[in-house]
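Scroll down for the structure; my scribbles are underneath it.
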Amino acid sequence: MTNHTAEPLPLQALVESILFVATDPVPVPVLATVLDVKTELVEDALKTLGEEYWKRGLQILRMGDRVHITTSPRAAQWVEKFLGIEHTIGLSRAALETLAILAYKQPLTRPQMDAIRGVNCDSVIENLIAKDLVEEIGRTEGPGRPILYGTTEAFLRHFGLGSVADLPALELDEPSEDDRVAPEPPAPLLKE
């Protein structure tokens, strides 16, 4: 029989063990409480783990004050191949467009997303809700009190983000002078 108390594990290993078995992101203060140490020591252990994971295909994903162990986005194509899944969880181009719009501009109502995309987004939004990538986050104060939508924690985990602030900068092309000039009106119709 093995004596499990012979040599205590370092704090870093204990943090890793807890995160390994956690099904959801764990608040750093909870880790500190469970391990009976100061939050700063847990943060140091997380920093060290993060540096080690960079070389090993894992990462510490931060979601506010909560942390989670996930696979590194750099290993995604091989992990997905092993699991037999697509990176986009079977998302259509329309779903990806809607998800991108919502991620950058949230919270939005359905009519706002429809106006940005130029098409009805009802079925796309329902699909994203079913995949737990989008959720209802409130209602506006306007007439009819339309539902406001935002991205979920599952969205952040799937795309390896700690928050929407980690999204890449949105680079939009500035319209040129030619684009800003109103087009000439069509020639009048001639009557016969």
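The values are calculated or read from the model by the stated rules, or taken from the named source; none is laboratory data. The structure displayed is predicted, hence computed values, not measured ones. Methodologically, a virtual Cβ is constructed for each residue, glycine included, from the backbone with ideal geometry; neighbour enumeration extends over all protein chains shown.
Here are some notes:
- Any chance ILE125 is at pLDDT 80 or above and assigned to a helix (DSSP H, G or I): yes
- Of note, THR70 satisfies the criterion of being of a type in the set (Ser, Thr, Tyr), surrounded by 12 or more Cβ atoms within 10 Å (Cβ to Cβ) and in a strand (DSSP E or B).
- Filtering segment 15-39 to residues that are of a type in the set (S, T, N, Q) and more than 20 Å from GLU153 (Cα to Cα) leaves SER17, THR33, THR39.
- Single residue of segment 87-109 satisfying the filter (closer than 17 Å to LYS131 by Cα and crowded, with 17+ Cβ neighbours inside 10 Å) that is modelled with the lowest pLDDT: LEU91
- Take the conditions (1) closer than 25 Å to LEU170 by Cβ; (2) modelled with pLDDT of 90 or more; (3) in a strand (DSSP E or B); ILE60 misses just one of them, which is (1).
- Just one of the numbered conditions (1) surrounded by 12 or more Cβ atoms within 10 Å (Cβ to Cβ); (2) within 21 Å of LEU61 (Cα to Cα) is not true of ALA165: (1).
- Test: residue in segment 78-89 that is in contact with a strand residue (DSSP E or B) (Cβ under 7 Å, 6 or more places away or on another chain) and either of a type in the set (Gly, Ala, Ser) or in a strand (DSSP E or B) (or both): no
- Flag for GLU135 being exposed (fewer than 12 other Cβ atoms within 10 Å of the Cβ) and either at pLDDT 80 or above or farther than 24 Å from ARG74 by Cα (or both): no
- Hits in segment 19-42 - residues which are in a helix (DSSP H, G or I) and at pLDDT below 95: LEU19, PHE20, VAL21
- Per the conditions (1) surrounded by 15 or more Cβ atoms within 10 Å (Cβ to Cβ); (2) more than 22 Å from the chain's Cα centre (by Cα); (3) of a type outside the set (Asp, Glu), the sole criterion not satisfied by ALA6 is (1).
- Residues of segment 99-135 satisfying the condition of being under 21 Å from PRO25 (Cβ atoms) and either assigned by TED's automatic domain parsing to the domain that holds ARG62 or not aliphatic (A, V, I, L, M) (or both): GLN106, LYS131, ASP132, GLU135
- Residue match in segment 66-76 (condition: of a type in the set (A, V, I, L, M, F, W, C), in contact with a Pro (Cβ under 7 Å, 6 or more places away or on another chain) and in the same structural domain as LEU19 (by TED's automatic domain parsing)): yes
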